[in-house]
Amino acid sequence: MKEDLMDIICCPLDKHDLDLEVDERDDEEVLAGSLVCTECGESYPIEDGIPNLLPPDMREDAPA
Amino acid sequence: MDGQDCCGDVDIDVTDDGGCCDGNADATGSERLGYDADDVASVADGADLGLGCGNPKAFADMTPGETVLDLGSGAGFDCFLAAQEVSPDGDVIGVDMTPEMVSKARENVTENDADNVEFRLGEISHLPVADATVDVVISNCVVNLAPEKQRVFDDAYRVLKPGGRVAISDVVQTAPFPDDVKMDPDSLTNCVAGASTVDALKAMLDSAGFEAIEIEPEDESTEFINDWDADRDLGDYLVSATIEAQRPPRDV
């Protein structure tokens, strides 16, 4: 996930901004980390460079 | 739980006899959907799964610098075509609820050298996209799979900038479904039983706040739609359509 698109994404539930927490990055993008809603506190994982912004009840808990 | 999960938790089944979720990515198949040979040739192999029912690029009138959102982006074919239209300064965001599809699409970013395309896991009636940030919402044979279509259109309206537009290819219902179609559990995931009528779609778009709503059935699409099912002529009650609407330039 590229950081310059941060201002386009939001929490799928309440549509508030997300804070980015980076665990791993390369030159171009964030590979692992999380996106945390500034309003409801829900945390959305970034895995393999893909932000998982599915509503929490649709998220698969088991790793693919 | 995943009633709209068309292509779901399986790899694309190319052995079945058709339907929007069965890959049919040969050039002839995609050209029947409305892509020209240049479109197909311009995207690296692997992104075109032949799962659509039209070509949103053909009527979305995308211009350089625009931000595009693709609802149900699959392996990314329509996103990569859109990226060519909006480059160099535009961005394309693909949202899909299927982890396998998003992973595949992300691999295709490298193949297509498309650094202005991003994919994220998300659900089209709960879009993870900020208000008034998008110029064009495109989608190809996906909205019919959504159980809550009104929410999809409401959320599309929310993310569009004032004056922004939707350009969606999808199937619409033209006649009542026979009972055997309604009872067939595969019929929803195969992009048949979830289709709405033109009038129902217009009402939902109107309710969301859209104007300049135009839904045009593509009569010639019955040919490929009939091929989706070996046992039935689905074209008797299903047709592919172009769905266009605009968010008013200023909120009233």
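Table for the structure above
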quantity	calculated
Convex hull volume per residue for segment B:153-228, taking Cα atoms only, in Å³	111 Å³
Sequence of B:Met204, B:Met183, A:Met58 once ranked by neighbouring C-beta atoms within 10 Å, starting from the fewest	B:Met183, A:Met58, B:Met204
Chain B, relative contact order [Cα under 8 Å, separation at least 6], %	20 percent
Label-point gap, in nm, between B:Glu220 and B:Asp236 - each point 7 angstrom along Cα→Cβ	2.5 nm
Computed over segment B:84-184: relative contact order in percent, which uses C-alpha pairs under 8 Å that are six or more apart	25 percent
Likely footprinting exposure, A:Ile8, A:Ile50, B:Ile168, fewest C-beta neighbours within 10 Å first	A:Ile8, A:Ile50, B:Ile168
Label point distance in nm, B:Ser87-B:Asp36, each placed 7 Å from Cα along Cα→Cβ	1.8 nm
Translational D in µm²/s for chain B (Stokes-Einstein at 4 °C, 1.567 mPa s, Kirkwood Rh from C-alpha pairs)	73 µm²/s
Subset of A:Lys2/B:Lys161; A:Lys2/B:Lys202; A:Lys15/B:Lys182; B:Lys104/B:Lys161; B:Lys104/B:Lys202 violating a 32 Å alpha-carbon distance limit	A:Lys2/B:Lys202; A:Lys15/B:Lys182; B:Lys104/B:Lys202
Dimensionless Rg over Rh [the protein assembly as shown; C-alpha; Kirkwood]	0.94
Normalised contact order of segment A:3-52, rounded percent, pairs of Cα under 8 Å and 6 or more residues apart	27 percent
For B:Leu69, residues with placed amide H under 5 Å, excluding near neighbours	B:Ile93, B:Val136, B:Val137, B:Ile138
Under-5 Å amide H pairs with B:Thr242, H placed in peptide plane, nonlocal only	B:Glu216, B:Glu218
Helical mean residue ellipticity (222 nm; -39500 (n - 2.57) per DSSP H run of 4+; nearest 500) of the protein assembly as shown	-6000 deg cm²/dmol
Distance from segment B:183-205 to segment A:12-60 (C-alpha centre basis), Å	32 Å
Under the Debye formula (equal points on every Cα, no solvent term), log10 I(q)/I(0) of chain A at q = 0.13, 0.14, 0.23 Å⁻¹	-0.32, -0.37, -0.97
For segment A:37-48, Karplus couplings with θ = phi - 60° (6.51, -1.76, 1.60), whole Hz, Gly/Pro x	5, 6, 9, 8, x, 4, 10, 10, x, 10, 10, 6
For segment B:185-191, 3J(HN,Hα) per residue [Karplus equation, 6.51 cos²θ - 1.76 cosθ + 1.60, θ = phi - 60°, Hz, x = Gly/Pro]	x, 6, 5, 6, 5, 8, 6
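Throughout, read-outs are computed from the coordinates displayed, never taken from laboratory work. Being a predicted model, the structure only gives us computed values, none of them experimental. All Cβ positions, even for glycine, are placed from backbone atoms using ideal geometry, and neighbour counts span all protein chains on display.
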